[in-house]
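Here the structure is laid out as structure tokens; the discussion comes afterwards.
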Amino acid sequence: MKIILLEPYGYCAGVARAINIAKEAKQNNKNKEVVILGMLVHNQDALLELEKEGIKTIYHKDKNLIDLIDEVPQNSIVILTAHGHAKDIEIKLNKLGIEFIDATCPFVTSSFKLIKSATDNNHDVLYIGKANHPESNAALSLSNKVHLIDVSNPVFNCEDKSPFVINQTTFSKQEVSKITDQIISKYNAATIHPGTCDASTRRQNALLSLPKDVELIYIVGGTNSNNTRTLAKIAEENYPLTKVLTIQNASNINKKDLLGLNCVAISSGASTPKHISEEIKLTIEQLLN
């Protein structure tokens, strides 16, 4: 059997930076608790590895981050996630005297600066994103002139005839272009800024370059990872005759799915640890031998 491990795999630069920030904070503050407010990255294996080093995650899917601050132990150092955060998070942490470190991905920060520049110049911003995703929530918190265009139900409603349009960093260019085409048809003076980060684009392009006779594609990533979901959607749309399975790690592999196949591919989200993808490839080889 041919097994294709698509590159790049392992952490993207933004995720690697966030994880290193958390680890360094713990190493430099051994007598303090270091906690992550929210999911530092959307991958459970990555968070478990941090937990083994004594770095806890404070997260609950039914609670917002501003309320979760109340669960931060005294004399802790808080790490803010790679996805960005609303400014009221920093305001509350400062008010309570809680030390924090911002681990926002630099590409996300650049995106937010563009949004702020547009609103400062009196433009509305149409932000193509996923409702309640931390990056979208952070973008919306920048100004009341930022309007979410939810990919699941895109509705355009702003008075600005020349809005600034940007998207969440983890979406596919194909997905975004469909919506921007609709926006331009309504606001022909709109300014479109490509917002998908390079790490997501490279993974998406690698997936699209697979041979058409690939019979099974594993998409590896966390259940909350939007860039992982995007990869799965790309695979399903572009390889309609191919079985596409989303898994978190090697323990999710079923030998029955591999029997009789000649070509299997492995694609992974930007927050999937490198060793997880390598273990999946090794597991497939061992199961077939």
Margin query: If I ask for residues that are modelled with pLDDT of 95 or more, within 17 Å of K2 (Cα to Cα) and assigned to a loop (DSSP other than H, G, I, E, B), which ones from the stretch 212-238 would you list?
Written below: V214, E215
Check: Got at least one residue in the stretch 1-22 being acidic (D, E) and either open to solvent by less than 10 Å² (accessible area, probe 1.4 Å) or free of Cβ contacts under 8 Å to residues at least 60 places away in the same chain (or both)?
Finding: no
Item checked: Positions within the stretch 233-254 being farther than 20 Å from A46 by Cβ and surrounded by fewer than 11 Cβ atoms within 10 Å (Cβ to Cβ), in sequence order -> P240, L241, N254
Next item on the list: Please find, among E278, E285, the residue that is in a helix (DSSP H, G or I), open to solvent by 20 Å² or more (accessible area, probe 1.4 Å) and in contact with a Phe, Trp or Tyr (Cβ under 9 Å, 6 or more places away or on another chain).
Entry: E278
Item checked: Unique match (being out of contact with any Pro (no Cβ under 8 Å at 6 or more places or on another chain), surrounded by fewer than 18 Cβ atoms within 10 Å (Cβ to Cβ) and polar (S, T, N, Q)) among T196, T191, T201 -> T201
Notebook entry, point to check: Of all residues in the stretch 150-167 being modelled with pLDDT under 95 and of a type in the set (S, T, N, Q), which is surrounded by the most Cβ atoms within 10 Å (Cβ to Cβ)?
Noted result: N157
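Quick grid of which residues meet (1) within 14 Å of the chain's Cα centre (by Cα); (2) under 26 Å from G38 (Cβ atoms):
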position	(1), (2)
A199	yes, yes
G221	yes, yes
N224	yes, yes
T228	yes, yes
A235	no, no
N238	no, no
L241	no, no
T246	no, yes
A250	no, no
Margin query: Take T201 and tell me if it is touching a helix residue (DSSP H, G or I) at 6+ places or on another chain (Cβ under 8 Å), touching a residue at least 24 places away in the same chain (Cβ under 8 Å) and part of a loop (DSSP other than H, G, I, E, B).
Written below: no
Item checked: Filter result (open to solvent by less than 90 Å² (accessible area, probe 1.4 Å) and over 26 Å from F107 (Cα atoms)) within the stretch 69-83 -> V72, P73, S76
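Scanning the stretch 87-118 for residues that are of a type in the set (K, R) and more than 19 Å from the chain's Cα centre (by Cα), which turns out most open to solvent (accessible area, probe 1.4 Å)?
K95
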Margin query: Restricting to the stretch 32-50, name every residue that is outside any loop (DSSP other than H, G, I, E, B) and farther than 21 Å from A13 by Cα.
Written below: E33, V34, V35
Next item on the list: Output the qualifying pairs, or none if there are none: Cβ atoms under 6 angstrom, residues six or more apart or on different chains, first residue in the stretch 48-59 and without any contact (Cβ under 8 Å) to a residue 60 or more places away in the chain and within 15 Å of P73 (Cβ to Cβ), second residue assigned to a strand (DSSP E or B) and of a type outside the set (D, E, K, R).
Entry: I55/V34; K56/V35; T57/I36; I58/V35; I58/L37
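Condition test on I184, is it surrounded by 16 or more Cβ atoms within 10 Å (Cβ to Cβ) and either touching a Lys or Arg at 6+ places or on another chain (Cβ under 6 Å) or free of Cβ contacts under 8 Å to residues at least 60 places away in the same chain (or both)?
So I184 does not fit the description; no.
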Margin query: Checking N262 against (1) farther than 17 Å from K2 by Cβ; (2) surrounded by fewer than 18 Cβ atoms within 10 Å (Cβ to Cβ); (3) of a type outside the set (A, V, I, L, M): exactly one of these is not met. Which one?
Written below: (1)
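The values are calculated or read from the model by the stated rules, or taken from the named source; none is laboratory data. The model shown is predicted, which means the values in this text are computed figures rather than measured ones. So basically every Cβ, Gly included, is an ideal-geometry build from the backbone, and we count neighbours across all protein chains shown. Ligands, DNA and RNA are stripped out before the accessible areas are found, and what is left, the full protein with its side chains, is counted by its heavy atoms. Shrake-Rupley method; radii C 1.70, N 1.55, O 1.52, S 1.80 Å.
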